[in-house]
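Please treat every number below as a calculation from the coordinates, not as lab data. Computed from a predicted structure; not experimentally measured. Counting neighbours? That spans all protein chains shown, and the Cβs are built from the backbone with ideal geometry, glycine included.
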Amino acid sequence: MIIRLDELDEGLHTLEWTGQIDRVDLLYPDIVTDVEVVAHVHRLRNVVTIHAQLAGHLERPCDRTLEPVPVELDTVMDIVVHQRPGAATPRTEMEDDDYIVNVPAEQKELDLTGPIRESLVVQMPMFVYKDGTQPVTVVDQRLEEEKQDDDDDDIDPRWAGLKSVQF
C-alpha cells in the first residue's frame, strides 16, 4: 500500500487497499497472504497520522495433519509520519504500539508494505490445527512415559522412605 504524500490534502481521508503480501507466516514464507486495509489518514501540515484496520487471510498446513487450514488475522496499525525538511533518509522508530516515521519533506510517497507485514506477523498463531485434531505435546508424551516407567520400576528400599515426605 503506497500513500502519495505529495497528493494528500490536509484533512481526514479514508483509503482502502486490497492486495497480497508475502512472508507474513515465518514458518512458511512462500505462502502469500491476502490483505484488506481500511486506513483513516489525517494530514495536518507536515504530520500525517494513519489508523488502519488490517484483515489477513491465508491457508497454512495443519501442524498435525499437514492439511490446509484457513487462518484469519485481524489487527490495528497506527503510524505517525513527520515530513521534516533536511531529513537525509527515512527513519522508523517504535513507540508503544505506534510506528513513528521521519521522512524528508521532499519524499513524495510512503510505502506501508513493511509495517503492514510486521503488524500481521505478530498476529500469526504459533501452531495451527485443523478442526477435530488435537495437538500432541512432547510434555504430554514424556509424562505418560514417566508414569509407565514409574509403575514398572522396583523402588530401592533405601529410597522408599522418601514417598512419605510431603513437599
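Tabulated results
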{"item": "Mean Cβ neighbour count within 10 Å, used as a protection proxy, ranking 26-35, 110-119 highest first", "result": "110-119, 26-35"}
{"item": "Residue 163-residue 62 pseudo-label distance in nm [points 7 Å out on the Cα-to-Cβ vector]", "result": "4.2"}
{"item": "Which of 162, 143 has the fewest Cβ neighbours within 10 Å, and the rest in rising order", "result": "162, 143"}
{"item": "Inter-label distance, nm, simple model (7 Å from Cα along the C-beta direction), residue 22/residue 80", "result": "3.5"}
{"item": "Rounded D (µm²/s) - segment 2-132, Kirkwood Rh over Cα pairs, Stokes-Einstein at 10 °C, 1.306 mPa s", "result": "99"}
{"item": "Net charge dipole size for the chain [Lys, Arg +1 and Asp, Glu -1 on Cβ; Debye, nearest 20]", "result": "820"}
{"item": "Inter-label distance, nm, simple model (7 Å from Cα along the C-beta direction), residue 38/residue 129", "result": "3.3"}
